[in-house]
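J.: Here's a structure for you.
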Protein chains: 2
Amino acid sequence: MRLPRLDSAIPAAAWLKSYRGRDLSADLVAAVIVTIMLIPQSLAYAMLAGLPAEVGLYASILPLIAYAIFGSSRALAVGPVAVVSLMTAAAASRVAEPGSPEYVGAAIALAMLSGLMLVAMGLARLGFLANLLSHPVISGFITASGILIAASQLQHVLGIDAGGHTLVAIVTALAAHIGETNPYTLAIGAGATTFLFWVRTNLKPLLRDRLGISPFAADLLAKAGPVAAVVVTTSAVAIFDLGARGVDIVGSIPEGLPPVTAPPLDLDLWGSLATSALLISVIGFVESISVAQTLAAKKRQRVDANHELKGLGAANLAAAFSGGFPVTGGFSRSVVNFDAGAETPMAGVLTAVGIAATAVFLTPLFFYLPKATLAATIIVAVLSLVDLGAIKRTFVYSKPDFAAMAATILIVLGVGVEAGVVSGVGLSVALYLWRTSRPHMAIVGQVPGTEHFRNVDRHSVVTSEEVLSIRVDESLYFANARYLEDKIYDMIAERPELKHVVLQCSAVNLIDASALESLEAINERLHTAGVQFHLSEVKGPVMDRLQRAHFLEELTGKVFLSQRQAMAELDPDTVARAEGRRLERELHAV
Amino acid sequence: MRLPRLDSAIPAAAWLKSYRGRDLSADLVAAVIVTIMLIPQSLAYAMLAGLPAEVGLYASILPLIAYAIFGSSRALAVGPVAVVSLMTAAAASRVAEPGSPEYVGAAIALAMLSGLMLVAMGLARLGFLANLLSHPVISGFITASGILIAASQLQHVLGIDAGGHTLVAIVTALAAHIGETNPYTLAIGAGATTFLFWVRTNLKPLLRDRLGISPFAADLLAKAGPVAAVVVTTSAVAIFDLGARGVDIVGSIPEGLPPVTAPPLDLDLWGSLATSALLISVIGFVESISVAQTLAAKKRQRVDANHELKGLGAANLAAAFSGGFPVTGGFSRSVVNFDAGAETPMAGVLTAVGIAATAVFLTPLFFYLPKATLAATIIVAVLSLVDLGAIKRTFVYSKPDFAAMAATILIVLGVGVEAGVVSGVGLSVALYLWRTSRPHMAIVGQVPGTEHFRNVDRHSVVTSEEVLSIRVDESLYFANARYLEDKIYDMIAERPELKHVVLQCSAVNLIDASALESLEAINERLHTAGVQFHLSEVKGPVMDRLQRAHFLEELTGKVFLSQRQAMAELDPDTVARAEGRRLERELHAV
């Protein structure tokens, strides 16, 4: 009876058991569509990563099969994606010259390290770490990466040499070399870009509404846009011999299945790529899990974050050992896979077969494929990731979130992708700590005629001369412990007649060791000033913890179950006054 | 009328205006006592930092005057302290050979960088940053540093060469060289250590209780212990010519006032010391502000964190330009200064005069001072910082806090001081995020006969079939947004008959942009499942913010002022049932 354990270790065991004929036909249709989409994408993203075209194909074969076995999402389409390719280029070009064998080795090493890290994170159940990337940081990162990637591809559209890792570097290089623009390349690049934008925005409605083609077929035809662009421009280059006129072409791609490769055994190299591999892993995981969860939710299925880590880890290890580069679940491709009816990860296996067939039989067809066409497919794909509306929404809703987002965008564009994501995460965390380091604290009084206590600044309430009731609207922990002390000392300094301070803890979900020391200090300080210190409405788990410390024994006052109970015992007259008004009012109403 | 602005920029302007003769006599007494204490300490901490003895004296003159002008604490005694000296040694020895002029230059550069950073933090009002160091991390750091410093001084007590930056390195070196122990050095070192421990623990009670000396005089005599040790051992070395028998002595110290120095103008050096300078600044500031606040509280005075930053920054800049090394407010010296009656920072100025006189006239007296005696004063001083009780208390109270503390201690001892403090801070923050990333969520029902709603697992309450009420006990932000989604989906998956979900937000102090997106996703997902989504008891500031987003327009349900109001509208029958029982019970009681 080891099958259940196999099921949970290898998700494929579960869906394979109930796999049927009609699943296969659905998966086959999806696989054909995704393969058509993936062929130009895999070549294009390899180019974006600075790698030979065949590496893109290799990264789209074994990794897909590995993910189908170990991944938990049924619709995720794994393979090279734009942002991870950009990050691969940034990391690999720091340690090797683009175009050199060392550069390819660095890409393979990144895939291996990223695979190992993802598997380790999955085994250690660290899926929750992805939550450290806040939505505004992810959104800003994707938008800025999209802009950066689109800018980096303009050189191919113009047929000049103008790369760079920051927007400033790219724009400067473009400005310097724009005079060298090749008119044939520009014609192809601009034409392909315009055509692909038109396909994306206008073709589907046209096919559907004007020509009466079914929505599904219209969608399918629209997705084939890049293939059409590839066929037309490749034919044009071949027929008119535009390669001789300076149009950059893909050239010869080795035919055949992926080679068995191993990452270079170089610990120094691994060390210098480790941080980049970690960032690639985390960003890739976040992109992948987001789309996997969205798609799973539509079918009321569940995606397990720790299985996803292992599945993506396996895919990257497969990439490393078959001449590929880092991969993850792509957003648009997965949506297409899902919409085309993929029922199980078998669709991924069939896609891999399709790409393998391409690698074996079709690579000679890509000889005349102009790089400008690949650049056009990249530009059109990534500009759809740019979401300027999100920037505005975030600005309106929350300035700290906007600050984290803006920092991420500016640093991605101005310094680079890795610095951008690290700063974004750091700033998110810092701003959260800063927000909670100055918690909202209100002096409360009793709402006349009720047992409720509310902020004296917002409500007309009854307060006591001798008892100061303070509600703190935040968990008490190291970042705000000192602020709490300062604030309470300020409040009592203004009230010499005070005999009691009651801290209402209804919104306190945690009191950590630092805050406990601050409470002890407050208790002692109030004691020397002749003021008793009480707590009220302490939550169960917080109280359980306090009972393990000496604080409750040292506390000069009591812990009351409710704020009213505290006031009823410490200043019954004021409570009577507050609640007496009810009587008055009711008598009045009669 | 610019005086008020001068007052707030230069705190000295305030206390100088009302300075009187009796303040001067009080400050003078304190200054004499602190000077007696500071002379051996300044020499010892310079040795700990790997610097020539005179550097310790230089760091105890101008910095004290600078602090007196710009600092805000009235009792703080600034100068070299153990932990910062250890950190200086760790940082400087990474970029230069101890004993070389470059090493002294690095120490000066650290003082300058630290001074600039402190001033900048003060001007930017970043005093709250010190709160990121949680109490357990600080406590663990101080304890581990104390152990590390004491271990590092054993070589001087034994008269062997066995340094190192980790406990393992030091112990290994001690084990390897213990055979070379110099018996004369050991006699002096062990004798001085024993004597100083005895003075610390037994002398004061002896003087006070047996000999009837007044507590103040007894205290004073006990503080002079190190001076007595210096006098006796120096005389012994001089008389018996122990220097010739291998006892390491301080040797000749240049006579005179501090030279005017400038840090080496070397941007690479500054860059490689920047992180260390930042850590020195933060640790120094935390040590200083803690003691300053404790002492100020005793006299009901206030210390302003941002003024303190500027004051300590000025002190470090003064150190950099007068041949010193990083300084801060020392704990034990400040307590002595306070207890001896220091009324104003003038005590610091007078102490500086005392040390200056020492530098000009007394340095020849230290020629035969054995390093073993200085090591003994360091060991006795730092072992009093070791607080093993705090480790146990933290363990009992909170495992996450204990984890941060243990990590800090182990990494300080095993890797080094800087790595220790960085890991401690990182771990504190990570553990806090982890704690709040899985918030406590309770399904609530109405307590019969009341308007209160409580956790169904802890109380006997009335719940509805059609309305699920969930209370979330944490602010909603990026680290827990996804968890909230998952948890709510899990809860509704088990309840097919559900029509409404009410999220009770009484403990939600913040909803950030990530959490807002999660609420939008929950709203949409519940909508497709035919379930309405409501909020209740949303706090004022949270509501204000929500009104800036589109969420409230998209919300399928309502926002209720109270949980009872929500239930009364969504399922009046259940509320009637819950509140009807009161009647029943009351009737029953009759």
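J.: Along the Cα→Cβ direction, 7 angstrom out, place labels at A:Val447 and A:Ala244. What is the inter-label distance in nm?
T.: The answer from the label model is 8.8 nm.
J.: For segment B:160-309, what's the relative contact order in percent, using C-alpha pairs closer than 8 Å and at least 6 residues apart?
T.: Over segment B:160-309, the number comes to 15 percent.
J.: Here's a follow-up. Dipole magnitude of the protein assembly as shown about its Cα centre, charges +1 at Lys/Arg Cβ and -1 at Asp/Glu Cβ only, in debye to the nearest 20?
T.: With only Lys, Arg, Asp and Glu charged at Cβ, the dipole is about 1160 debye.
J.: Return the FRET efficiency for the residue pair B:Ala262, A:Ser100: r is the Cβ-Cβ distance, R0 is 35 Å, and the value is rounded to the nearest 0.05.
T.: Efficiency at R0 = 35 Å is approximately 0.15.
J.: So, with +1 on the Cβ of K and R and -1 on the Cβ of D and E, and no other charges, what is the size of the charge dipole of segment B:441-579 about its Cα centre, to the nearest 20 debye? Working shown, then result.
T.: Details: 14 positive and 23 negative charges, 57 e Å.
Roughly 280 debye, rounded to the nearest 20.
J.: Please report the antiparallel percentage of the DSSP beta bridges confined to chain A, to the nearest 5. Mind dumping the intermediate values first?
T.: On the way: 10 of 23 bridges.
In chain A, DSSP labels about 45 percent of beta bridges as antiparallel.
J.: Next up: In the protein assembly as shown, what percentage of the DSSP-assigned beta bridges are antiparallel, given to the nearest 5?
T.: Here the share of antiparallel DSSP bridges comes out near 45 percent.
J.: Taking neighbour counts of Cβ atoms within 10 Å as a proxy for exposure, in what order, fewest first, do A:Phe367, A:Phe402, B:Phe70 appear?
T.: The fewest-first ordering by Cβ neighbours comes to A:Phe367, A:Phe402, B:Phe70.
J.: OK, next. Rounded if a/c is under 1.5, else prolate if a/b is larger than b/c, else oblate: which is the protein assembly as shown, with a ≥ b ≥ c the root eigenvalues of its Cα gyration tensor?
T.: Numbers: a/c = 2.35, a/b = 1.35, b/c = 1.74.
Taking the square roots of the gyration eigenvalues as a ≥ b ≥ c, the protein assembly as shown is oblate.
J.: What is the average number of partner chain Cβ atoms found within 10 Å of a Cβ in A:439-449?
T.: Whole-number average of other-chain Cβ neighbours for A:439-449 is 1.
J.: While we're on this one: What FRET efficiency comes out for B:Val32 versus B:Val335 if R0 is 25 angstrom and r is the Cβ-Cβ distance? Round to the nearest 0.05.
T.: Working: r = 16 Å, r/R0 = 0.65.
So the FRET efficiency works out to roughly 0.95.
J.: If you take every DSSP beta bridge fully contained in segment A:441-589, what fraction is antiparallel? Give it as a percent rounded to 5.
T.: If I count the DSSP bridges inside segment A:441-589, around 35 percent turn out antiparallel.
J.: So for segment A:441-589, averaging the separation of alpha carbon pairs under 8 Å that are six or more residues apart and normalising by length, what relative contact order in percent results?
T.: 26
J.: Using a 10 Å cut-off on Cβ atoms, rank the peptides A:94-100, B:311-317, B:187-193 from the highest mean neighbour count down. Don't skip to the end; give the middle numbers.
T.: On the way: A:94-100: 14.3, B:311-317: 30.0, B:187-193: 22.6.
Packing proxy ranking, top to bottom: B:311-317, B:187-193, A:94-100.
J.: Based on DSSP H assignment, which helices of chain B show an axial Cα extent of at least 30 Å together with a mean Kyte-Doolittle hydropathy greater than or equal to 1.0?
T.: Long hydrophobic helices here: B:21-48, B:101-123, B:135-158, B:267-298.
J.: Right, next: What number, in percent, do you get for the relative contact order of chain A if the mean sequence gap of Cα pairs under 8 Å and at least 6 apart is divided by its residue count? Don't jump to the answer; show the numbers that get you there.
T.: On the way: 1073 pairs, mean separation 128.6, N = 590.
This gives 22 percent for chain A.
J.: Another question about this same structure. Need one value for B:474-486: mean number of C-beta atoms belonging to other chains within 10 Å of its residues' C-beta atoms. It would help to have the intermediate numbers written out before the result.
T.: Working: counts 4, 8, 0, 8, 14, 9, 2, 3, 9, 2, 0, 2, 3.
Across B:474-486, the average partner-chain Cβ count within 10 Å equals 5.
J.: Take the Cα pairs of chain B, get the Kirkwood Rh, then feed it into Stokes-Einstein at 25 °C and 0.890 mPa s and tell me D in µm²/s.
T.: 89
J.: Tell me the mean residue ellipticity at 222 nm calculated for chain A from its helices only (DSSP H runs of n ≥ 4, each -39500 (n - 2.57), averaged over every residue, nearest 500). Spell out each step's value before the answer.
T.: Details: 26 runs with 367 residues, N = 590.
Helix contribution divided over all residues of chain A: -20000 deg cm²/dmol.
J.: Okay, moving on. Along Cα-to-Cβ, 7 Å out, sits the label point; list in nm, shortest first, how far the one on A:Asp573 is from those in the other copies.
T.: 5.2
J.: To make sure I understand, if each residue's beta carbon is the centre and we count other beta carbons within 10 Å, what order do B:Thr234, A:Thr185 fall in, fewest to most?
T.: By the 10 Å Cβ count, ascending: B:Thr234, A:Thr185.
J.: When the dipole is taken about the Cα centre of chain A, and only Lys, Arg (+1) and Asp, Glu (-1) are charged at their Cβ, what size is it in debye, to the nearest 20?
T.: I would put it at about 1720 debye.
J.: Using a Förster distance of 45 angstrom, determine the FRET efficiency expected from the C-beta separation of A:Ser460 and B:Lys399, and round it to 0.05.
T.: It comes to 0.50.
J.: Rg and Dmax of segment B:7-67, using alpha carbons, in Å: what are they?
T.: Radius of gyration, then largest Cα-Cα span, for segment B:7-67: 14.9, 42 Å.
J.: For segment A:432-526, which trypsin sites (Lys or Arg not before Pro) are both in a DSSP coil and crowded by at most 12 other Cβ atoms within 10 Å?
T.: Counting only loop positions with at most 12 other Cβ atoms within 10 Å, the trypsin sites (Lys or Arg not before Pro) in segment A:432-526 are A:Arg458.
J.: Taking H placed 1.01 Å from N in the peptide plane, check which residues at least 5 places from B:Val502 or on another chain put their amide H under 5 Å from its amide H.
T.: Sorted by chain and number, the residues that satisfy this are B:Leu468, B:Ser469, B:Ile470, B:His534.
J.: Pick out, from A:Thr233, B:Ala352, B:Asn131, the residue whose Cα sits farthest towards the positive end of the charge dipole of the protein assembly as shown, with +1 on the Cβ of Lys and Arg and -1 on the Cβ of Asp and Glu.
T.: Sorting the options by dipole projection puts first B:Asn131.
J.: Inter-copy label distances at A:Gly414, 7 Å along the Cα→beta-carbon direction, one decimal in nm, shortest first?
T.: 4.0
J.: In nm, what does the list of distances from A:Asp241 to its counterparts in the other copies look like, shortest first, when each label sits 7 Å along Cα to Cβ?
T.: Listed shortest first, these distances are 10.2 nm.
J.: Continuing with this model, one more query. With 10 angstrom as the radius, rank A:Arg74, A:Arg577, A:Arg545 by how many other C-beta atoms surround their C-beta, starting from the fewest.
T.: Numbers: A:Arg74 24, A:Arg577 14, A:Arg545 19.
Going from sparsest to densest Cβ surroundings: A:Arg577, A:Arg545, A:Arg74.
J.: How many Cβ atoms of partner chains, on average, are near each residue of B:81-90 if near means within 10 Å of its Cβ?
T.: Numbers: counts 0, 0, 0, 0, 0, 0, 0, 0, 0, 0.
The shielding value for this peptide is 0.
Computed from the coordinates by the stated procedures, all read-outs in this text should not be read as laboratory data. Keep in mind that what you see is a predicted model, and the values were worked out from it rather than measured. Positions of Cβ are generated from backbone atoms using ideal geometry, with glycine treated the same way; all protein chains shown enter the neighbour counts.
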